[in-house]
1. With Rg and the Kirkwood Rh both taken from Cα atoms, where does Rg over Rh land for the range B:235-315?
2. Pairs B:LYS184/B:LYS563; B:LYS405/B:LYS563; A:LYS41/B:LYS57; B:LYS256/B:LYS405; B:LYS178/B:LYS340: which are spaced more than 28 Å apart, C-alpha to C-alpha?
3. Taking the beta-carbon count within 10 Å as an exposure proxy, list B:THR244, B:THR512 from fewest neighbours to most.
4. Comparing A:THR107, A:THR31, A:THR128, which has the greatest mean-square fluctuation in the GNM of chain A with Cα pairs linked when under 10 Å apart?
5. How far apart, in nanometres, would the label points at B:LYS663 and B:ASN289 be if each is projected 7 angstrom from Cα along the Cα-to-Cβ direction?
6. Other chains' Cβ within 10 Å of B:170-180 residues: what's the mean?
7. Where Rh denotes the Kirkwood radius from the mean inverse Cα pair distance, what is Rg over Rh for the protein assembly as shown?
8. Can you give me the C-alpha center-to-center distance between the range B:499-551 and the range A:110-142, rounded to a whole angstrom?
Amino acid sequence: MQVNENKEFQPLIVAFCCNWCSYAGADLSGTNRLNYPTNVKIIRVPCSCRVNPMFILRAFQRGADGVILCGCHPGDCHYTSGNYFTRRRMTLLFSMLDFLGIERDRTRVEWVSAAEGAKFAATMNEFTEAVRKLGPNRRLEDLRCRKQ
Amino acid sequence: MQRIGVFVCHCGTNIAATVDVKAVAEALGHEPGVVISQDYQYMCSESGQNLVKDAIKEHDLGGVVICSCSPRMHENTFRKAAASAGLNPYLVEIANIREQCSWIHKDIATATEKAIILGKAAIAKVHLNTPLTSMESPVVKRALVIGGGIAGIQTALDIAEAGFDVDIVEKQPTIGGKMAQIDKTFPTLDCAACILTPKMVEASQNEHITIHSFSEVEDVKGFVGNFTVKIRKKARYVDETKCTGCGLCTEKCPMKKVPNEFNMGLDNRSAVYIPFAQAVPKVATIDPNYCMMLKNGKCGVCSKVCSVGAIDYKQQDRIIEEKYGAIVVATGFNPIKLDKYDEFAYNQCPDVVTSLELERLMNAAGPNGGTLLRPSDKTHPHTIVFVQCVGSRCDDSKGKPYCSKICCMYTAKHAMLIREKYPDTEVYVFYIDVRTPGKNFDEFYRRAVEQYNVHYIKGMVGKVTPKSDGKIGVQASDLLSNEQLHIDADMVVLAVAIEPDKTARPLATMLTTQMDTNDFFTEAHPKLRPVESATAGIFLSGACQGPKDIPETVAQGSAAAAKAIGLLCKNSITCNPCTAHSNELMCNGCSSCEKVCPYGAITYIDKEFRMPDRTTAIRRVASVNPAVCQGCGACTVACPSGAMDLSGFSNSQIMAEVDAICK
């Protein structure tokens, strides 16, 4: 969480992107110079199914305000079936987060192909705005982890 | 703590224009473990790489972070540079500050701040990187071609030409595929059998080619260079090694009322049959659904007349297992079923035929010996209506959304051949668009219109109704003159959409290759890797990848062969070392990881452990075959005890990145 001079809340967004589709899609939005906010920080993973729900909880614990997980479109996974596992696991994680009272809009799964640079940028813009509206993540952030 | 070197690239002004590169280098220099932090104009250039190499040697670095463009661009460049300086290449990490920072942000202050955070995340990760070594895995110098149509035959011939052994697996009793059924080929009008059958014979006589006809792929295991394939050789109730193909059994067989698949069911064959005269291998096959001996145990005529004793009613399916280095998929296409198209009365009227049926009707070896006669009353048709795009370019769920590509040309061919042979016949073609991109294709189509006076009408046929006088009423609209047309036709020919063979989808699952929504195999790159699948070692040939005419199919068949030969020429291939591994002390053998592994890379072994009380215990633990593992990481998340981890993207590495970003 950061607050800049004009006091607009700057959410911290962690994006997990699969190497084959979404990371390439993010690169494409860069190549096409499509803007999205600096709030989004991307972590490269081989496949969306590599993302352990623990990573997402860890990000929230450490002060992330939103986490987005991007993978190949269903049926297009480089590893054949990885994103199907992602879809099921995240459905479970999201229902657990609902149960904990974490706003549903703080987490998202999105399918972005390597050709969808524009979709990647649009998704990141929209997601950042959605998280900005929600305000800081106070419920899951562990204050002991906050940098002094 | 590793000794880490950080190298920040300006990329000319690509990065430096929006990111304060010197500030990034300065800030990252204060990170724990960083012993040198430098910036340079072009890190990927020769001198930039030398800067990295010299620093590795001079500062005895144990890890390198390059803040530059996307790792998809230059990760390999820097890994090679590190390796040449004596550092394990997998101790290099890239922070992507170009595509994912400088190019998308405009504000220098925030972009610099983000670049520093990305750099910190990479430093946090590289602290936990471990040296990895690539395994070498040997290549079996033998290829498998699945499908024995023209695509498969061409591929097999080209691979055999290079001196490698090739097996063709064909599910029909003979190779040849759809091309064997075609009468003439566009745009040159040469006879399909005359150019195909010599190739079939060449394939059967080539010492490097083994043809498994009447066989199907049952199971595929393994990985590039080392596939193990189970092939089911279906029982044909005839000993292939003894049968001479004399055809006496087919003459004497009393059961003669079996629809002949080769002639599209337009005539009948016997229960023991050879699909067509030039079949390869020329061996008889008994159809167990019709053979009276196999059904009721009464007959046995064929075994009595066979002079070499090739008939074997007790034959069973056999499963053979072979090893291959490369697999080429050439499963081809089929015309779609017309059950959903009642408006064309295909199922009610025998004189409404598909284009492939017309090929057989016009073929000299077909049911009418080459004379074009109506299937219903064997009279000569005087008015023939062709309907284009039946099931192609459909936006509803009935048909296919794509263009089947070959129909415009073969319809022009049919129309031309009919007008040539029977000038008294009126030929109408209803089309949406005529698509003739190809060498000499448009000239061919124009010849049909101008020289042969075929009536091309833009518009779709709305309804086809069989009439009591034997004529077929065709109701259509002419879109250019905006008129409704009623034609009394003698025959209607439907240019039916083509779809991938039904066996393609289960095969794709076995091969772990990708398919599009229409069940066509997906190529690794639509432009630059058109004959490779995304799965290493699997290549695509012919219409299994998309609708294609014969020249294109042959071109792709040869291209796939070239790619397969490139692979087979290697003695060994380097595997990706970023694979999963299981911590045997933590693994409890629950099988969760095995269930999610798409490659079957995980097996279980019984391992002996020394217990604290000095006894030994044997436990079942997971073991990953690094040559099969592709490194997706599905198992790492499925593992309930956290025993499974992925080299290069370990749990602790990703956690460290998350922490660094969130700090």
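1. 0.93
2. Where the Cα-Cα span goes over 28 Å, the pairs concerned are B:LYS184/B:LYS563; A:LYS41/B:LYS57; B:LYS256/B:LYS405.
3. B:THR244, B:THR512
4. Between A:THR107, A:THR31, A:THR128, it is A:THR31 that shows the largest mean-square fluctuation.
5. With each label point 7 Å from Cα toward Cβ, the separation is 7.0 nm.
6. Rounded to a whole number, the mean comes out at 0.
7. 1.06
8. Comparing the Cα centres of the range B:499-551 and the range A:110-142, I get a distance of 34 Å.
Values quoted throughout were computed directly from the atomic coordinates according to the rules given, and no laboratory measurement underlies them. Since the structure is predicted, the reported quantities are computational estimates derived from the model, not experimental observations. When we count neighbours, we look across all protein chains shown, and the Cβ atoms used for this are built from the backbone with ideal geometry, even at glycine.
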